[in-house]
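K.L.:
Take a look at the following structure, please.
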Amino acid sequence: MKDKMSRNMIVDLLMFVAMALTSISGYLVKCVVRRSRGIDSFMGLGRHGWREVHLWAGIVVVVLLAVHVYQHRAMVDAWFRKHVPHSPTRIALYVVLILLLAASVLPWLTMEI
């Protein structure tokens, strides 16, 4: 049980850091690092560098979110069984959620690095 809790905490902490980095880098790209404001870089990265940080932090968030949901699959399944008792509807909902996850991740897997 302790190992499982430690893994959950590590994933959750990493996801929190990735979400914070996504938020901070998005703010920097939108509001701080702009030629029109006279600021070309922040902490050694320009606008395009912070966009890369934002992109990869977002990808990490999506991946860790999938891991997080997988780690809590029994709880998620119990919730769906309680709130969506009709089996075909529940299955359709699972399919939609899996398709959304795939649509979020698959384009990045085909991207040239």
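Read-outs: derived from the displayed coordinates by stated rules, not from any lab. Bear in mind the structure is a predicted one, so any value in this text is a computation, not a measurement. Here Cβ is always computed from backbone atoms with ideal geometry, including for glycine, and neighbour counts include all displayed protein chains.
K.L.:
Positive end of the dipole of the chain, charges at C-beta (+1 Lys, Arg; -1 Asp, Glu), about the Cα centre: which of Trp79, Ile10, Trp56 has its Cα farthest in that direction?
P.N.:
Trp79
K.L.:
Have a look at region 72-113 and give its Rg and Dmax from the Cα atoms, expressed in angstrom.
P.N.:
For region 72-113, the Cα radius of gyration and maximum Cα-Cα distance read 13.9, 44 Å.
K.L.:
Label points 7 Å out from Cα along the Cβ direction at Val17 and Val67: separation in nm?
P.N.:
1.1
K.L.:
About its Cα centre, what dipole magnitude does the chain give when the only charges are +1 on Lys and Arg Cβ and -1 on Asp and Glu Cβ, stated in debye to the nearest 20?
P.N.:
Working: 13 positive and 6 negative charges, 58 e Å.
Around 280 debye, computed over the chain.
K.L.:
May I ask you to evaluate 6.51 cos²θ - 1.76 cosθ + 1.60, the Karplus curve with θ = phi - 60°, for each residue of region 8-14 and list the ³J(HN,Hα) values in order in whole Hz, giving x for glycine and proline?
P.N.:
4, 5, 5, 4, 5, 5, 4
K.L.:
For a quick protection proxy, order the peptides 89-97, 16-24 by their average other-Cβ count within 10 Å, most packed first.
P.N.:
Details: 89-97: 12.3, 16-24: 15.4.
By packing density, highest mean first, the sequence is 16-24, 89-97.
K.L.:
Highest mean first, what order results for 5-14, 62-71 on Cβ atoms within 10 Å? Provide the component values of the computation, followed by the final result.
P.N.:
Values: 5-14: 12.4, 62-71: 15.3.
So the order, starting with the most tightly packed, is 62-71, 5-14.
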